[in-house]
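The values are calculated or read from the model by the stated rules, or taken from the named source; none is laboratory data. Remember, predicted model here, so these are calculated numbers, not experimental data. Please note: Cβ atoms are built from the backbone with ideal geometry, for glycine as well, and neighbour counts cover all protein chains shown.
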């Protein structure tokens, strides 16, 4: 499976136009302001961008997902334009969608996926509402 992951990672990096810096997570230390800044950011972005679970609700844990893994692209770690609020609980959207089910990978089209997902949810709500009115 190691070679497959290397191939997938290489394709992901090529699609994003970024350098493939390897898969090793070398216990990279976080930026000194990471804990404070990410906590403040999650207070403003307090819902999972996919399942809409809200921070503070029972059994909900949100995390900041980096569009570019911080241990491979440390220069992007503190750049909020590359952050997404995804849940660890209750649905594990962070692992399932942010990392394609495997924390050694990352999703190069997560922003686009989130956008399409949100549009589909709005469309479904509109269709359900219209169906209720037509009855």
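Restricting segment 103-120 to residues that are buried (at least 16 other Cβ atoms within 10 Å of the Cβ) and assigned to a loop (DSSP other than H, G, I, E, B), which is farthest from the chain's Cα centre (by Cα)?
The residue in question is 104.
Of everything in segment 53-88, what is in a loop (DSSP other than H, G, I, E, B), surrounded by fewer than 15 Cβ atoms within 10 Å (Cβ to Cβ) and either under 13 Å from the mean Cα position of the chain (by Cα) or modelled with pLDDT of 95 or more (or both)? Give them in sequence order. First the steps, then the outcome.
If we filter segment 53-88 for residues that are in a loop (DSSP other than H, G, I, E, B), which is where we start, we get 53, 55-60, 67-73, 77-79.
Next cut, surrounded by fewer than 15 Cβ atoms within 10 Å (Cβ to Cβ) only: 56-59, 79.
79 - this is the single residue of segment 53-88 that is in a loop (DSSP other than H, G, I, E, B), surrounded by fewer than 15 Cβ atoms within 10 Å (Cβ to Cβ) and either under 13 Å from the mean Cα position of the chain (by Cα) or modelled with pLDDT of 95 or more (or both).
Identify, from the list 28, 5, 32, the residue that is modelled with pLDDT under 85, over 16 Å from the mean Cα position of the chain (by Cα) and not in a helix (DSSP H, G or I). Don't jump to the end; show me each part of the working.
On the way: 5 fails: not in a helix (DSSP H, G or I); 32 fails: modelled with pLDDT under 85.
One residue alone meets the criteria, 28.
From 100, 123, 128, 96, grab the single residue that is outside any helix (DSSP H, G or I) and either free of Cβ contacts under 8 Å to residues at least 12 places away in the same chain or on the phi > 0 side of the Ramachandran plot (or both). Explain how you work it out, then say what you get.
Numbers: 123 fails: outside any helix (DSSP H, G or I); 128 fails: outside any helix (DSSP H, G or I); 96 fails: outside any helix (DSSP H, G or I).
Exactly one residue qualifies, and that residue is 100.
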